[in-house]
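Novice: Sharing a structure here in structure tokens format.
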Amino acid sequence: QVPLKPGRSLMDWIRLTKSGKDLAGLKGRLIEVTEDELAKHNKKEDCWICIRGLVYNVTPYMEYHPGGEDELMKAAGMDGTDLFDQVHRWVNYESMLKECLVGRIALKPVAVPKETSISEKKKQLNGMLPEKKLLGASAKDLTPSYDWFQTDGLITIVLYTKQKDMNTELVIVDCQDKRLRGEIIMNDHSYVLEVDLDHAVEEDFVVNIAEKIGKVEIILKKKDNIHWKMLGQPLESHNTFIKCKNRGLFYRKCKLVSKTEVTHDTKLFRFLLPKSTHLQVPTGQHVYLKQIIAGTEVVKPYTPVLPFLLLDFQETSCHDGANIYLMIKIYSCGLFTQALDHLRIGDYISISNPEGNFKKSQVQALEDLFLLAAGTGFTPMVKVLNFVLTEVSSLRTAKLIFFNKTEDDILWRNQLEQLALRDERFEVQFVLSEPTKDWVGKQGRISSSLLSGFMKRSRKDSKVLICICGPTAFTEQGVQCLKDLGYSQEEMHAFTA
């Protein structure tokens, strides 16, 4: 993120889009844009970008872009879809840039595909995925499929993932009204079953997972004791197996049930998932919150935490899967966080499926874990720390270096100090950039010299992972410091959303 000039906030941009000003520069017309025409608009004062086939004139947005003009210019006069997906595919650009829409990119003529064979059509109807779907022939045997059957009172849908080590965090199910959506995450791909059910079902359902063989059962209770002729009408994404990054985000409405102060400007929000949702956010992954602000959809990523650090490792109530806890700093000029803070208990907000590239396998045989966090960059560390202290038997040391401006900014300071007293493997070091004269701890900003004194391996060739999270400048500086200290890219994980 870069500092924006006064009068260039998100709210200022929303006001400009509603002012009636001709931001696209075409007086309300939409045109078909050739690749040659798109390429001509590649300067700051005349910048068009294509995202998913739609072309936008982002010239007026330049000064409002939180990532700065240089980031937008990387895609000037080009198809910026891949770049956009890498940086923040969660942003609802269609809503943010709707007044900047120039038109569609002109499609190149393509060869007409051959007619789908009858046998392939049969496979689709039987819950099999046609072999041509995005994966090569060598991968076709790994393509999931489904089947369903019924009794007088139940509908059972069976998903055959053909994947070992399936677990509850990889299965997400939502049943809203009569719309059933089940998603299975398999490495970087996802399989979705999505149908408008033939008849109504009860709100609660059961998900059974046979982990060793990768079979997933969704058991629905019929509202009426009648025989179903079919499971339901397939929806657009039904029976698709595609890369996760090509899958649109799916949201459900969650109820705010509590809001508690953590520090002077940070609160812990607890959101209740609907009864009709089965979802557990994996360690190290984030979700997106979506709000309509001044008629525009605004989306922000947050990493769920536990309700507290597990001082008593027998405590399990926070793994109930029904709640999502988010530790959020409220910014006095932050449009999104101010709207969040004004939510009342009982209000609803849209929360997405989890995303992120952190894998538990990164810490399975770990001996030394180092966590470098600045401010609310602490949030991904909570679940990682809990997981390694409770589940990783090879762990020797876990150290957190926590950077903040002042003592009052330190999140869960008391809990961290208590944890260090209770578990000899854990150590915490607080570093302040704006300490009072009474502060006796470390001070300064992230640097190689500061890190080198703290990051000592438990033995010469121990297996190490260093997690880092904070503002972009902090993360980039930290990664460079770690490289200077001789740590490899494989030994680092930077959390970014």
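Novice: Could you pull out every residue, at least 5 positions away or on a different chain, whose amide H is within less than 5 Å of the one on Val305? Hs are placed 1.01 Å off N in the peptide plane, and Pro or chain starts have none.
Specialist: Close amide H contacts, sequence-distant or interchain: Tyr325, Leu326, Met327.
Novice: What does the accessible area per residue of the chain come to in Å², with a 1.4 Å probe and no ligands, DNA or RNA counted?
Specialist: About 51 Å² of surface per residue is accessible.
Novice: If you don't mind, there's one more thing I want to ask. Quick check: pseudo-label points 7 Å beyond the Cα along Cα→Cβ at Gln364 and Ala339, how many nm apart are they?
Specialist: With each label point 7 Å from Cα toward Cβ, the separation is 4.1 nm.
Novice: Using the Kirkwood radius over Cα pairs, work out the Stokes-Einstein diffusion coefficient for region 360-494 at 4 °C and 1.567 mPa s, in µm²/s as a whole number.
Specialist: 86
Novice: Work through the residues other than Thr303 whose Cβ is under 14 Å from its Cβ and net out their charges, Lys, Arg +1 and Asp, Glu -1.
Specialist: Residues near Thr303 contribute +2 overall.
Novice: For a protection proxy built on the mean count of beta-carbon atoms within 10 angstrom, sort 277-284, 100-107, 19-26 highest first, please.
Specialist: Answer by packing, highest mean first, reads 277-284, 100-107, 19-26.
Novice: Looking only at the chain, where both bridge partners belong to it, what percent of the DSSP beta bridges are antiparallel (to the nearest 5)?
Specialist: That works out to approximately 75 percent antiparallel.
Novice: Give the long-range amide H neighbours of Phe426: residues separated by 5 or more places, or on another chain, with amide H under 5 Å away, using H modelled in the peptide plane at 1.01 Å from N.
Specialist: Result for Phe426 returns Ala398.
Novice: Let me ask you something else. Region 186-209 to region 221-236: how many Å between their Cα centroids?
Specialist: Answer, in whole Å: 13.
Novice: Based on the Cβ-Cβ distance from Asp12 to Asp188, what FRET efficiency comes out when R0 is 22 Å, to the nearest 0.05?
Specialist: 0.05
Novice: Just to check I understand the Karplus step: with θ = phi - 60° and J = 6.51 cos²θ - 1.76 cosθ + 1.60, what whole-Hz values come out for region 284-289, glycine and proline as x?
Specialist: Whole-Hz 3J(HN,Hα) from phi for region 284-289: x, 10, 10, 10, 10, 9.
Novice: Now for a different question. In whole Hz, what ³J(HN,Hα) sequence does region 228-245 give by Karplus (6.51, -1.76, 1.60; θ = phi - 60°), x for Gly and Pro?
Specialist: Calculated HN-Hα couplings, in order: 8, 7, 8, 5, x, 7, x, 9, 3, 8, 4, 6, 10, 10, 9, 5, 4, 5 Hz.
Novice: Something else now. Give me the percent of the accessible area of region 360-494 that comes from carbon and sulfur atoms, probe 1.4 Å, all protein chains in place.
Specialist: Carbon and sulfur together cover 45 percent of it.
Novice: Now, a different point. Under a cut-off of 15 Å between alpha-carbon atoms, report the aspartates and glutamates in cross-link reach of Lys259, not counting same-chain residues fewer than 8 places apart.
Specialist: Those aspartates and glutamates meeting the cut-off are Asp341, Asp347.
Novice: Can you compute the modelled spin-label distance between Ser237 and Ala322, with each label point 7 Å from Cα toward Cβ, in nm?
Specialist: Simple spin-label model gives 2.7 nm for this pair.
Novice: Read phi for every residue in region 468-476 and hand back ³J(HN,Hα) as whole Hz from Karplus 6.51 cos²θ - 1.76 cosθ + 1.60, θ = phi - 60°, with x for Gly and Pro.
Specialist: 9, 7, x, x, 3, 4, 4, 5, 4
Novice: Which of the residue pairs Lys267/Lys437; Lys359/Lys460; Lys164/Lys275; Lys405/Lys442; Lys212/Lys463 have a Cα-Cα distance greater than 19 Å in the structure shown?
Specialist: Violating the 19 Å Cα-Cα cut-off are Lys267/Lys437; Lys359/Lys460; Lys164/Lys275; Lys212/Lys463.
Novice: Turning to a different aspect of this structure: What residue among Thr266, Tyr487, Ser145 has its Cα farthest toward the positive end of the dipole of the chain, where the charges are +1 on Lys, Arg and -1 on Asp, Glu, each on the Cβ?
Specialist: The listed residue farthest towards the positive side: Ser145.
Novice: Sticking with this one: On average over all directions, what projected area in square nanometres does region 145-246 have, based on the convex hull of its Cα atoms?
Specialist: Result: 6.1 nm².
Novice: While we're on this one: Contour minus end-to-end for Asn92 and Leu272, with contour as 0.36 nm per residue of separation and end-to-end as the Cα-Cα distance?
Specialist: Net length gain for the segment: 62.4 nm.
Novice: Using only helices, what value at 222 nm comes out for the chain when you add -39,500 (n - 2.57) per DSSP H run of length 4 or more and divide by the total residues, to the nearest 500 deg cm²/dmol?
Specialist: After summing the helix terms and dividing by the residues of the chain, the value is -4500 deg cm²/dmol.
Novice: Summarise the accessible area of region 136-250 (1.4 Å probe, protein heavy atoms) by the percent that is carbon and sulfur.
Specialist: Exposed carbon and sulfur together represent 49 percent of the surface.
Novice: With label points built 7 Å along Cα→Cβ from the Cα atoms of Ala210 and Leu485, find their separation and express it in nm.
Specialist: 4.8
The values are calculated or read from the model by the stated rules, or taken from the named source; none is laboratory data. Computed from a predicted structure; not experimentally measured. Ideal geometry is used to build each Cβ from the backbone, glycine not excepted, and the neighbour counts take in all protein chains shown. Protein only, heavy atoms only, side chains kept; ligands, DNA and RNA dropped before computing areas. Shrake-Rupley method; radii C 1.70, N 1.55, O 1.52, S 1.80 Å.
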